[in-house]
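This report concerns only the one structure given below.
A short reminder: the numbers here are calculations on the coordinates, not readings from a lab. This structure is a prediction, so every number in the text was calculated from the model and none was measured. With ideal geometry, Cβ positions are generated from the backbone for all residues, glycine too; neighbour counts draw on all protein chains shown.
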Amino acid sequence: MPNIMLVVSAEMRNIALFQPRASSNDTTINYFFQVVCEQCGWVSLKEVCVSLGSGLYYLSFCYFLRYFHLYFVVNGCDRQGFILLIQGHGNPLSKHHCRKVGLMMFNCDGLIPITYLFNDGWLAVMTSGQEVHVDLVGREYKNVIDGEEVRITNLEAKFVPRG
Ligand SMILES: [Zn+2]
C-alpha cells in the first residue's frame, strides 16, 4: 500500500507563511482530487472529497480492521479502494521553503489520487503578521492589503509516492 504525499509549490510575495487554514493537520480542510483505479486505470469523472474530520471508518476483515477516510468499489473491475489520511507529515509553505512542500500524506490501496483541486480554505500570514483568508479556487491570489501587494501565483500540486 503506497504512501503518497500531496506536494505543493507556489510563488509568494509579502507572505511569510501559507497553509491550509489552522494547519496542515486541520481536521476541517477538505482535499478534493480525482482518483485512478490501480487495477484497470479507471479515472473518476468527479473529484472525491476527503478530510480528517469527515470521520475515520473501518471494515472488518478476517484478522484485522481496515481503517480509511474514503472507500469505494470501482464499477466494472470491482476493485475495493481505500484511502487513509495520515497526520503529522505536513508543513506550511514559507518564504524560504515554498517549492515542493509536503502537505498531507495519503495511504492508498486500490485508488491512487491524481489532479488535486485547490479550494477556499487557505490561510496566509503576511510578513507584517496579518492573517488573510485565501480562496484558491481560481488557482491564484492577488490583493493589496494596507498598501502592501500580496500575491500567491504559479501554484502547482502533485501527488508523489513516498516509501
Ligand atoms: Zn478498476
### Task
Find the eigenvalues of the gyration tensor of the Cα atoms of segment 119-163, then list the square roots of 5 times those eigenvalues as equivalent ellipsoid semi-axes, largest first, in whole angstrom.
24, 12, 10
### Message
Within the chain, which is the longest segment that contains none of the chymotrypsin sites (Phe, Trp or Tyr not before Pro) sitting in a DSSP loop with at most 13 other Cβ atoms within 10 Å?
### Response
65-163
### Query
Long-range amide H contacts for W42: which residues qualify at under 5 Å (H placed 1.01 Å from N, peptide plane, sequence gap of 5 or more or a different chain)?
C37
### Task
Before anything else, pin down the relative contact order of segment 3-162: Cα pairs under 8 Å, at least 6 apart, normalised by residue count, whole percent.
36 percent
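Keeping to pairs on different chains or 8 or more places apart, tell me how many lysine pairs in segment 32-160 have Cα atoms under 21 Å apart.
For segment 32-160, the number of qualifying lysine pairs is 4.
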### Query
Using θ = phi - 60° and the Karplus form 6.51 cos²θ - 1.76 cosθ + 1.60, what ³J(HN,Hα) does each residue of segment 107-121 get, whole Hz, x for Gly and Pro?
8, 10, 9, x, 10, 10, x, 9, 6, 6, 10, 5, 10, 9, x
### Task
May I ask which residue of G163, F68, N119 lies farthest towards the positive end of the charge dipole of the chain, with charges of +1 (Lys, Arg) and -1 (Asp, Glu) on Cβ and the Cα centre as origin?
G163
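Could you work out the Kirkwood radius for the chain, taking every pair of different alpha carbons, averaging 1/r and inverting it, reported in Å?
16.7 Å
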### Task
Compute the distribution of all C-alpha to C-alpha distances in segment 62-115, in bins of 10 Å from 0, and list the percent of pairs in each, rounded to whole numbers.
21, 38, 25, 13, 3
